[in-house]
1. Here's a check for you: in segment 131-156, which residue that is of a type in the set (D, E, K, R) and closer than 18 Å to Gly200 by Cβ is surrounded by the most Cβ atoms within 10 Å (Cβ to Cβ)?
2. Conditions first: (1) buried (at least 16 other Cβ atoms within 10 Å of the Cβ); (2) farther than 19 Å from Pro122 by Cα. Gly199 passes all but one, so which condition is the exception?
3. Under the condition of being touching a residue at least 24 places away in the same chain (Cβ under 8 Å) and aromatic (Phe, Trp, Tyr), which residue from segment 148-206 is farthest from Gly134 (Cα to Cα)?
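We did not get these values from a lab; they are worked out from the coordinates using the rules stated. None of these values were measured; they are calculated from a predicted model. Note that each Cβ is placed from the backbone with ideal geometry, even for glycine, and that neighbours are counted across all protein chains shown.
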Amino acid sequence: MQADKESGSKVSTSKQSSRVNSQIKTRSKLCEQVQSQRLTQYQLTEDKAIYIRLALIVASLLVLGNGTWETKVKEPAHFDNVAIAVPKELEQSELPQMQEKSQIVLASQQRTTANNAAVLPPTGSHEQWMQQAGIQPSDYHYVEFIISHESGWRPGAVNASSGACGLVQALPCSKLGSDWSNPVVALKWGNSYVKSRYGGWAQAHAFWSVNRWY
């Protein structure tokens, strides 16, 4: 009887030990799962933060016509169930700075485009320019002579000494306005100037031949 009791006690102890070991393994697995979930959530948070910043950088380069900013961006596949929202403190601090920088860059690009357009050589022949300026065909040879001596038919010509500019070498240059390098604009002004001062291009040609200026 005593031997049976001892045998039964050993069996019971063995079962309890197995149960405890099983509980420990179960808890260990649960801990590993929890830790894995936390790491996954942390990684998602880090990826999300990086993605938000990249999206804001891209958005900051796109200045919309109404002056607003597009903050809603398409999420990648692994963020299908994650809602992306721009933090208010980020909108209040970094976004206005990005907008200001982008507007400066845009203004600079517009100025560069305008400058490039300004230096492009005008198209058309001398006769086409004179025709568009309203000069009579009978005066073309007088105009050709004077402009050839004054500016060499270079719309952007500037006299380094006097500051006279344009095809007709207007003095001061401001008489031609901001579009002074436009040959048609210059010839229109020159046509009006010659008629009011000399009565016509023939008289201006005669004066220039004697005085070398008009």
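1. The residue in question is Glu150.
2. The number of the failed condition is (1).
3. Filtering first and then ranking leaves Trp153.
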